[in-house]
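Read-outs: derived from the displayed coordinates by stated rules, not from any lab. Just so you know, these numbers come straight off a predicted model, no measurement behind them. Because the Cβ atoms are built from the backbone with ideal geometry, glycine has one as well, and the counts that use them run over all protein chains shown.
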Amino acid sequence: MTVKKILIAQYDLHNLLFNNVIADINDAESNQSILEPMNNVKWLAGHLLWAQRNLARMGGADVIIPWMEHFLQKNASTPEEINAPKGEFPTLQQIKDKWNEINLPIRAGLESLPEETLNQIISSNHPLFPFDDTLAGLLAFINHHQAYTIGQIGILRRGMGKEAMKYD
């Protein structure tokens, strides 16, 4: 199996798990924080959507991801993104719908990346940078970020008394 196939298999798994981890959580529940200063489910779901923009950029997918000003991370955002006026806060269903709308274009963009492109050295700094400064390393980090954040939602879901996330 190639590096690209492994990374895309992880991407596909995250799409399944994203939908599964937020299943049966309503909008009111998604706004609850189990314990301050923990993030709530809606913020984490929106942050996952925010991170998808990096994958869209990598694969050249032409997608619009709204509400980013609510879910960005300052150390990984442009000054324009940080200073953008805040629009209306989305519902959890809107976040889920947007995630599922952009899934296939992002996947197609990643699928179209030539294997040799994944081996190219990149200059942007990311947490895996000291170990792997390639585009594949950045994609691996984003996949890790998505899995980590989905896991956080899984913990919150159990804290709400919901069943554990399903893997099917």
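To the nearest ten degrees, helix 3-21 and the longest principal axis of the Cα atoms of the chain are 10 degrees apart. Taking a label point 7 Å from the Cα of GLN32 along the Cα→Cβ vector, which residues of region 147-163 have an amide N closer than 20 Å to it? Under cut-off, by backbone N: 150-163.
Sequentially through region 42-48, phi angles give Karplus couplings (6.51, -1.76, 1.60; θ = phi - 60°) of 4, 5, 5, 5, x, 5, 4 Hz, Gly and Pro residues having no value and appearing as x.
A 22 angstrom limit on the alpha carbon distance is what I want to check against. Which of LYS42/LYS162; LYS42/LYS98; LYS5/LYS42; LYS42/LYS166; LYS98/LYS162 exceed it? Provide the component values of the computation, followed by the final result.
Numbers: LYS42/LYS162 16 Å; LYS42/LYS98 13 Å; LYS5/LYS42 30 Å; LYS42/LYS166 19 Å; LYS98/LYS162 24 Å.
Those over the limit are LYS5/LYS42; LYS98/LYS162.
Between ASP62 and ASP132, the modelled label-to-label distance comes to 3.1 nm, taking each label 7 Å out from Cα in the direction of the beta carbon. Toward the positive end of the charge dipole of region 3-159, with +1 on the Cβ of Lys and Arg and -1 on the Cβ of Asp and Glu, the farthest Cα among ASN143, LEU113, PRO79 is that of ASN143.
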